[in-house]
Amino acid sequence: AKEYGANNYQVFHEGMMELSVDRIKLENDLRKAIENEELTVHFQPKYHAMSNKVIGAEALARWKHPLHGYVPPIDFIALAEETNLIVSLERLMIKKTLSYINDWKKKKLEVPRTSINISIVHFYQEDLVPFIEENLRKNNLIGDEIEIEITESIIAKGELHINEKLQKLRKLGIEISVDDFGTGYSSLSYLVNFSIDRLKIDKSFVQNFDNNKEVIAAIIAMSKNLNIKTIAEGVETKEQLESLIALDCLEVQGYIYSRPLEIQTYEEFLLKNNEL
Ligand code: C2E
Ligand code: CA
Ligand code: CA
Ligand code: CA
């Protein structure tokens with residue numbers, strides 16, 4: 001029994017060591033990948049459910065690790081948030097995304113409004129707005145061509161400096177959407193006070209539509225009253241799409257229309273879409 005206990009302890013201990021060493025390694029690899037601008041961008045189109053027209057696209061970060069292959073975004077985004085790499089990661093995403101839009105426009109492609117995800121940590125950087133302005137200018141773009149997706153927790157904090165930044169961004173023509181809406185926060189009063197354009201109904205509601213019908217209907221009704229737009233994410237089936245249409249939620253994003261596309265495929269998609 002003594003031996004068992006000792007071994008058990010050792011195994012546990014070694015496992016823990018291995019975990020933290022892996023983590024530090026992964027953190028260093030991520031830092032290098034950001035420095036070398038190796039992260040890539042995939043684009044997922046957003047649609048109008050009645051006309052089937054493309055109304056936007058979301059830029060999503062991808063990281064292909066040299067040994068482990070593609071790392072799931074939730075994993076490396078969480079790692080980046082815990083280690084403060086998130087600001088440089090998102091700045092790389094802003095730089096790359098805006099420069100792609102510029103390239104496509106030079107090729108005479110019509111590019112829909114493109115959203116970029118910005119985390120709360122980034123909103124504590126005083127130069128967030130100037131950084132975005134500078135990159136818009138460098139790429140001959142205006143704010144109307146982009147959108148920023150923030151999480152509900154950002155506005156739930158109700159911090160004045162954040163609302164000021166959101167107002168500045170909106171003055172530039174940039175739309176502000178609240179991502180993963182409905183997950184976690186009960187107080188909705190901040191919606192009235194905060195400067196936002198749209199709620200993104202979280203995919204967990206959409207994918208379990210029948211159990212969440214009332215919640216979804218309430219979100220849509222409330223948005224209408226507040227003059228806020230709504231989009232549903234994670235739409236995969238015809239049933240989900242039709243249920244959303246019935247509730248008059250016509251902006252949708254999800255596999256039913258398109259998965260996130262890699263650069264070359266998205267460019268071909270834009271080309272075909274322009275010909276329609
Ligand atoms: P998100 O912002 O909620 O992005 C939507 C996620 O849902 C994406 O996952 C997308 O691929 C996935 N998705 C889209 N349509 C469907 C569908 O019909 N069904 C299902 N099951 N999933 C769908 P992805 O690309 O793995 O990204 C996961 C999360 O990582 C994102 O969730 C976002 O929170 C985060 N993320 C990705 N890129 C960035 C970034 O540049 N900055 C920040 N802060 N977060 C990012
Ligand atoms: Ca998002
Ligand atoms: Ca989301
Ligand atoms: Ca999410």
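The values are calculated or read from the model by the stated rules, or taken from the named source; none is laboratory data. Just so it is clear, the model here is predicted, and its values are computed rather than measured. So basically every Cβ, Gly included, is an ideal-geometry build from the backbone, and we count neighbours across all protein chains shown. When the accessible area is computed, the model is the full protein with side chains, heavy atoms only, and any ligands, DNA or RNA have been set aside. Shrake-Rupley method; radii C 1.70, N 1.55, O 1.52, S 1.80 Å.
Here the simple spin-label model places points 7 Å from the Cα toward Cβ, and for V21 and Y124 these points are separated by 3.2 nm. Length gained on full extension, E110 to L226, computed as 0.36 nm times the residue gap minus the Cα-Cα distance: 38.7 nm. Solvent-accessible area of F43, probe 1.4 Å, all protein chains present, reported in Å² to the nearest ten, please. Only protein atoms counted, so the area is about 0 Å².
For a label point 7 angstrom out from the Cα of R31 toward its Cβ, which stretches of the range 49-93 have the backbone nitrogen within less than 15 Å? Residues 79-89 fall inside that zone. Each of M222, M50, M93 has its accessible area taken with a 1.4 Å probe; listed largest first, they run M50, M222, M93.
The mean accessible area for residues of the range 35-83, using a 1.4 Å probe and ignoring ligands and nucleic acids, is 53 Å² per residue.
Accessible surface calculations at 1.4 Å, restricted to protein heavy atoms, place the range 89-226 at 46 Å² per residue.
Here the accessible area of the range 176-251 is 48 percent carbon and sulfur, with a 1.4 angstrom probe and all protein chains present. As a calculated quantity, the FRET efficiency between E164 and E81 at R0 = 22 Å, using C-beta atoms, amounts to about 0.45.
Distance between the 7 Å Cα→Cβ label points at E214 and E38: 5.1 nm.
Across the accessible surface of the range 77-137, with the other protein chains kept in place and a 1.4 Å probe, carbon and sulfur atoms take up 50 percent.
Extension gain, L172 to Q264, is 30.2 nm, computed as 0.36 nm per intervening residue step minus the present C-alpha separation. Given axes a ≥ b ≥ c from the Cα gyration tensor, I'd like to know whether the chain is rounded (a/c under 1.5), prolate (a/b larger than b/c) or oblate. Taking the square roots of the gyration eigenvalues as a ≥ b ≥ c, the chain is prolate.
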